[in-house]
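These notes are about the structure you will find just below.
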Amino acid sequence: MPNEILNVVALQKFFFTTQGTVRAVDRVSFSITENETLGLVGESGSGKSTVAYTVVGIYAPTDGKIYFRGEDRSQPVAKRPKSLKRAIQIVFQDPGTSLNPRRTIKQILELPLKVHHLTAGDRKLEVANLLRRVELPADYMYKSPHMLGGGERQMVAIARALATEPKLIILDEPTSALDVSIQAKIINMLIKFQEEMNLSYLFITHDLSLMRNVATRVAIMYLGKICEVAYTAEFFRNPLHPYTKMLLSSIPVVLEEEEELKPTKVISKGEIPSPVNVPPGCSFHTRCPVRKEICMQADPEMVEASEGHFVRCHLVSGQEAVASS
Ligand code: SF4
């Protein structure tokens, strides 16, 4: 694909525990192009953060491939070339734990700058410049992370990610731990940096409504698998997977027109099962309000329902119709 930055192919990440095998990510495939934001949305336990940590190299994949600009980069971070570590950055959900409390902001931001072999004076100027870009005063460089508010700490975490001039930033729920008042500021900042630096984002979130104005495409994860992916406008206009409809029908809206666009209310049945005990057949069948006999026996394949709109459901792929005919 032209301008493809990231291509993840049949990625698997299993954890082997005393309770059994946790199939956290199971044959997940997706790609991200230059300047694109892919929103990866799912409930807690869906495996979306495991995808993020595997792409960034914190976890080694159990199977599958991760291609960055066409080259196989499936190895864990310790074995990756420095250029790749600089090109892929991550911003974590909780800046309180991702910033070293024993260092000053200056020391935190200087660390990624060392690759540029700058003099001490130039590094200080660059730290001030990074702080200015995230709209923090330059004298914050002398503070420790605990002296800053949650939003300010997240801005420092974003500045640290920008310091290496990356191509792809993985945003792992970057605003979910913050006050609503600061969330919009951070999102607007991220959009601005994307335009300025031609960045690509893999935006991990449980907040589907946030993706409407942020994502180029939206992918939905359920129990370790992607069950639907589409361009954002198409996704919200024409959701096809029963789980997507369930999520969309429960989004609170403000305007009457938005209410009219929502799918008919689908009552959420039960909780997401444990990834140690993935149900046979379609993994969503234990909660699906429209399941058929085949859903309990066969795992549906991903099919392209319309251009760029992929769905994993027997009702959409027509396999249910074939089975019952
Ligand atoms: Fe529901 Fe069956 Fe589709 Fe799974 S395959 S989402 S159980 S209808």
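The values are calculated or read from the model by the stated rules, or taken from the named source; none is laboratory data. Computed from a predicted structure; not experimentally measured. As a convention, Cβ positions derive from the backbone with ideal geometry for all residues, glycine included, and neighbour counts pool all protein chains shown. Protein only, heavy atoms only, side chains kept; ligands, DNA and RNA dropped before computing areas. Shrake-Rupley method; radii C 1.70, N 1.55, O 1.52, S 1.80 Å.
Within the group 121, 96, which residue is closer than 18 Å to residue 148 by Cα and small (Gly, Ala, Ser)?
Criteria check complete, one pass: 96.
Please state which one of 88, 32, 58 is aliphatic (A, V, I, L, M) and closer than 28 Å to residue 243 by Cα.
Going through 88, 32, 58 in turn, the sole match is 32.
For segment 38-78, which positions are of a type in the set (S, T, N, Q) and in contact with a helix residue (DSSP H, G or I) (Cβ under 7 Å, 6 or more places away or on another chain)?
Answer for segment 38-78, where residues must be of a type in the set (S, T, N, Q) and in contact with a helix residue (DSSP H, G or I) (Cβ under 7 Å, 6 or more places away or on another chain): there is none.
Quick one: how many residues across segment 273-298 are assigned to a loop (DSSP other than H, G, I, E, B), within 11 Å of the ligand (Cβ to nearest atom) and open to solvent by 50 Å² or more (accessible area, probe 1.4 Å)?
Residues meeting the conditions: 6.
Which numbered condition trips up residue 158, out of (1) open to solvent by less than 10 Å² (accessible area, probe 1.4 Å); (2) touching a residue at least 40 places away in the same chain (Cβ under 8 Å); (3) farther than 22 Å from residue 187 by Cβ?
(3)
Which residues, counting only those in segment 299-318, are in contact with a helix residue (DSSP H, G or I) (Cβ under 9 Å, 6 or more places away or on another chain) and within 8 Å of the ligand (Cβ to nearest atom)?
Selection gives 300, 313, 314, 315.
Could you list, in sequence order, all residues of segment 116-148 that are of a type outside the set (Ser, Thr, Tyr) and in contact (Cβ under 8 Å) with a residue 24 or more places away in the chain?
Once the filter is applied, which keeps residues that are of a type outside the set (Ser, Thr, Tyr) and in contact (Cβ under 8 Å) with a residue 24 or more places away in the chain, segment 116-148 yields 126, 130, 131, 133, 134, 135, 141, 143, 145, 146, 148.
Determine whether segment 205-224 contains at least one residue that is more than 16 Å from the ligand (Cβ to nearest atom), closer than 30 Å to residue 137 by Cβ and surrounded by 23 or more Cβ atoms within 10 Å (Cβ to Cβ).
yes
List the helices (runs of 4 or more DSSP H) that sit entirely inside segment 80-161 and contain at least 3 residues that are modelled with pLDDT of 95 or more.
Passing ranges, in order: 105-113, 120-133.
Considering (1) in contact with an Asp or Glu (Cβ under 7 Å, 6 or more places away or on another chain); (2) over 20 Å from residue 203 (Cβ atoms); (3) crowded, with 18+ Cβ neighbours inside 10 Å, say which one residue 65 fails and leave the rest.
Here residue 65 clears every test but (3).
Which residues, taken from segment 16-46, are at pLDDT below 95 and under 10 Å from the mean Cα position of the chain (by Cα)?
Hit for segment 16-46 is 42, nothing else.
Which of the residues spanning segment 227-246 are under 19 Å from residue 291 (Cβ atoms) and either buried (at least 23 other Cβ atoms within 10 Å of the Cβ) or out of contact with any Pro (no Cβ under 9 Å at 6 or more places or on another chain) (or both)?
Those that are under 19 Å from residue 291 (Cβ atoms) and either buried (at least 23 other Cβ atoms within 10 Å of the Cβ) or out of contact with any Pro (no Cβ under 9 Å at 6 or more places or on another chain) (or both): 227, 228, 239, 240, 241, 242, 243, 244.
Could you tell me whether residue 51 is without any contact (Cβ under 8 Å) to a residue 40 or more places away in the chain and of a type in the set (A, V, I, L, M)?
Against the criterion (without any contact (Cβ under 8 Å) to a residue 40 or more places away in the chain and of a type in the set (A, V, I, L, M)), residue 51 does not qualify.
Please count how many residues of segment 183-218 are part of a helix (DSSP H, G or I) and more than 15 Å from residue 165 (Cα to Cα).
Counting residues in segment 183-218 that are part of a helix (DSSP H, G or I) and more than 15 Å from residue 165 (Cα to Cα) gives 12.
Could you look through segment 76-99, keep only residues that are within 13 Å of residue 156 (Cα to Cα) and of a type in the set (A, V, I, L, M), and pick out the one that is most open to solvent (accessible area, probe 1.4 Å)?
Only one residue fits best here, namely 90.
Evaluate the following for residue 62: is it of a type in the set (Ser, Thr, Tyr) and modelled with pLDDT of 95 or more?
Yes: the conditions hold for residue 62.
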